[in-house]
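Bear in mind that the values in this text are calculations on the coordinates, not laboratory data. Source: prediction; values computed, not measured. So basically every Cβ, Gly included, is an ideal-geometry build from the backbone, and we count neighbours across all protein chains shown.
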Amino acid sequence: MSVETMVLALELVGTFAFAVSGALLAVKKGFDIVGSLLLASLAGLGGGGVIRDVMLAQGVPTAFGAPLYLIPVALAALLVFLRLIREDRLRRTLLAFDAVGLSLFCVMGSFIAYETGLNPVACVLLGATTAVGGGALRDVVANEVPQIFNPDGVYAAPAFLGAAATTTALELGIFNAFAAVGIAAGIFVIRFLALKFRWRVPLAVFRPGTIR
Amino acid sequence: MSVETMVLALELVGTFAFAVSGALLAVKKGFDIVGSLLLASLAGLGGGGVIRDVMLAQGVPTAFGAPLYLIPVALAALLVFLRLIREDRLRRTLLAFDAVGLSLFCVMGSFIAYETGLNPVACVLLGATTAVGGGALRDVVANEVPQIFNPDGVYAAPAFLGAAATTTALELGIFNAFAAVGIAAGIFVIRFLALKFRWRVPLAVFRPGTIR
Amino acid sequence: MSVETMVLALELVGTFAFAVSGALLAVKKGFDIVGSLLLASLAGLGGGGVIRDVMLAQGVPTAFGAPLYLIPVALAALLVFLRLIREDRLRRTLLAFDAVGLSLFCVMGSFIAYETGLNPVACVLLGATTAVGGGALRDVVANEVPQIFNPDGVYAAPAFLGAAATTTALELGIFNAFAAVGIAAGIFVIRFLALKFRWRVPLAVFRPGTIR
């Protein structure tokens with residue numbers, strides 16, 4: 001499989017995963033099916049790919065220009081509507097799909113930034129932004145405190161790690177379809193372990209003598 | 001009247017309508033006159049036209065480059081300040097102006113996207129985004145759950161319908177100033193009927209046996 | 001010192017000031033150190049410079065393209081984490097740093113817009129947007145009502161004043177490094193006096209017979 005095909009496939013899977021997280025949040029908030037489609041679009045398209053493409057200033061964002069990207073969004077809202085993706089263990093399911101999107105988008109964001117010719121630091125930054133942007137926009141527009149700020153969990157750190165690993169692989173010339181899937185899988189496992197074992201990072205201010 | 005003049009006129013009317021909705025929300029939230037101007041700008045300029053122009057990647061957004069667009073915004077904040085647009089039946093007045101903006105911007109958004117050469121699906125998507133973006137940004141920045149997610153109403157669906165009708169008319173070569181006003185009027189009527197008769201769309205998840 | 005060096009220096013100081021305000025808000029909201037870095041980035045980079053650069057459509061925003069801008073953000077989060085910038089008089093400290101950022105960014109925003117060739121009205125508008133954008137994005141993403149809408153204070157008005165003064169100085173050909181610092185200092189003093197003496201602007205609606 002060529003790298004181009006792989007990028008498209010991973011982008012579509014990541015879009016689907018974030019779109020499911022948006023549709024599930026719409027269920028949780030009691031929104032209707034149109035709200036579900038909109039929140040799925042914001043999470044799957046708007047927060048990640050569109051922000052990335054606007055930052056890269058490469059013309060019309062792919063999500064607007066290529067109708068293909070609407071399919072995973074519509075599919076996500078439909079599967080949630082038909083309860084083929086169940087919302088009865090809602091929090092857990094939402095977190096799982098969100099983690100898939102996070103893992104794929106940090107890799108894709110850095111890769112596309114690198115292809116556009118950005119310096120490595122910018123590639124890491126843009127990869128992480130692409131990964132956390134979808135979830136952040138989804139939560140902000142639904143009037144929730146974004147998941148990225150939940151101190152009971154490790155969310156943005158794996159995104160930065162995945163973006164850094166991707167950029168390093170690109171710099172070393174060893175990035176290919178296997179590396180992309182491998183890094184994404186590694187980041188998913190880290191996010192999963194972080195949730196399971198309740199890993200935490202230090203608070204925003206150092207408090208000697210306190211144990212979290 | 002040329003199509004260019006009509007587009008400008010409808011854009012200014014739509015900007016004014018959304019700006020009034022922003023200024024009225026500022027009154028409802030107890031903001032000051034500067035906050036009213038800012039929220040009127042976000043609703044009238046930022047959410048609709050600026051997002052559309054950034055997506056189309058056609059240089060500096062019209063709302064920033066053309067000072068003319070500031071006039072309807074300033075006028076809206078002034079009329080609300082002077083109570084020439086009364087806030088005593090606030091919710092209803094806000095909804096009416098919001099509906100005018102919604103109807104005009106779905107037509108304008110699709111038309112401008114079409115002129116830029118986007119494919120039809122993208123034109124529908126961008127028209128709907130232009131229409132719902134102003135209200136969404138207004139509500140999010142004022143820390144309210146956006147109107148688009150209110151399940152007791154049909155809001156984004158008419159925007160999509162208007163964008164689709166505009167794009168179809170453009171594809172068929174029958175789009176002109178009359179068609180623009182006609183589609184906008186039709187969408188306004190649909191939004192009005194939806195509010196009056198409390199139309200609803202299904203919730204984000206299908207629940208057999210429940211009647212809404 | 002050349003104007004270019006001065007612009008860069010003032011941009012970095014403004015970025016640092018807004019980044020501190022973001023990190024302090026992260027402490028107040030109980031976020032972790034990664035959340036602090038993200039909120040510092042949004043306040044220091046995302047809201048001001050990135051929005052300005054996207055509006056000006058001049059390619060990849062400086063904050064993404066130039067890794068140098070990450071240093072003041074990281075420094076801000078670190079100083080807040082180590083309590084070298086104390087959070088025990090949190091509200092006051094946050095307001096002070098926010099005011100420094102506001103003062104510098106209205107000058108820088110207008111200057112950069114002017115250099116790009118925008119008309120004077122657009123320069124004022126973009127300067128004020130750059131100044132209030134960082135704080136607005138910081139507050140919206142942290143799920144707070146933005147400071148710009150707090151009626152107990154004068155926030156956006158000084159930003160508009162500073163942007164107008166900068167644009168006037170540029171039009172008159174008397175803008176230089178001294179003028180930049182002078183205008184920023186003047187705006188800071190106005191914002192400080194407004195806070196100290198509880199200046200207010202009229203509410204969004206005129207109510208005869210009421211005294212605020």
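Placing dummy labels 7 Å off each Cα toward the beta-carbon, the span from C:D152 to B:N176 is 6.0 nm. Each of A:R83 and C:A185 was given a label point 7 Å from its Cα along the Cα-to-Cβ line. The distance between the two points is 7.0 nm.
Of all alpha-carbon pairs in region B:65-132, indicate the percentage at a distance above 20 angstrom.
On the way: 1060 of 2278 pairs.
The answer is 47 percent, as a whole percent.
Short-range pairs are left out: with C-alpha atoms under 8 Å and at least six residues apart, the relative contact order of region C:1-124 is 34 percent.
Fewest Cβ neighbours within 10 Å first, please rank A:T15, A:T62 accordingly.
A:T62, A:T15
Taking max minus min of the alpha-carbon positions on each principal axis, chain B gives extents of 55, 46, 28 Å, largest first.
For chain C, the relative contact order is 23 percent, taking Cα pairs closer than 8 Å that sit 6 or more residues apart in sequence and dividing their mean separation by the residue count.
If neighbour count is taken as other Cβ atoms inside 10 Å, put C:L78, B:L118, B:L84, C:L25 in order from fewest to most. Show your work: numbers first, answer last.
Details: C:L78 16, B:L118 21, B:L84 9, C:L25 29.
Ordered by Cβ neighbours within 10 Å, fewest first: B:L84, C:L78, B:L118, C:L25.
Taking the convex hull of the alpha carbon positions in region B:108-212 and averaging its projected area over all directions gives 8.2 nm².
Provide a whole-number value for the mean count of partner chain Cβ atoms within 10 Å of the Cβ atoms in peptide C:73-81.
Working: counts 0, 0, 0, 0, 1, 0, 0, 3, 5.
Average per residue, whole number: 1.
When peptides B:36-43, B:141-148 are sorted by average Cβ neighbour count within 10 Å, with the highest value leading, the order is B:36-43, B:141-148.
In the distance distribution for region B:1-100, Cα-Cα pairs more than 25 Å apart total 18 percent.
By the count of neighbouring beta-carbon atoms within 10 Å, fewest first, B:D53, A:D152 end up ordered A:D152, B:D53. Hey, if you drop one equal point scatterer on each alpha-carbon of region B:6-52 and run the Debye formula without solvent, what base-10 log of I(q)/I(0) do you get at q = 0.19, 0.25 Å⁻¹? The Cα Debye sum returns log10 ratios of -0.53, -0.79. Across peptide A:109-120, the average count of Cβ atoms from other chains found within 10 Å of a residue's Cβ is 1. Along region B:61-77 the Karplus relation, 6.51 cos²θ - 1.76 cosθ + 1.60 evaluated at θ = phi - 60°, assigns HN-Hα couplings of x, 3, 4, 8, x, 10, x, 3, 5, 6, 4, x, 5, 5, 4, 4, 5 Hz to successive residues, with x for each Gly and Pro.
For n ≥ 4 DSSP H runs only, could you compute -39500 (n - 2.57) per run for chain C, divide by its residues and tell me the 222 nm figure to the nearest 500?
Working: 9 runs with 141 residues, N = 212.
After summing the helix terms and dividing by the residues of chain C, the value is -22000 deg cm²/dmol.
Between amide H atoms placed 1.01 Å from N, distances below 5 Å from B:I85 occur with B:V80, all of them 5 or more places distant or on a separate chain. Once backbone amide H atoms are built at 1.01 Å from N, B:L203 has A:I33 as its partners under 5 Å, excluding neighbours fewer than 5 places away on the same chain.
Expressed as a fraction of 2.2 N^0.38 Å, the rule-of-thumb size for a compact globular protein of N residues, what is the C-alpha radius of gyration of the protein assembly as shown?
That works out to 0.93 for the protein assembly as shown.
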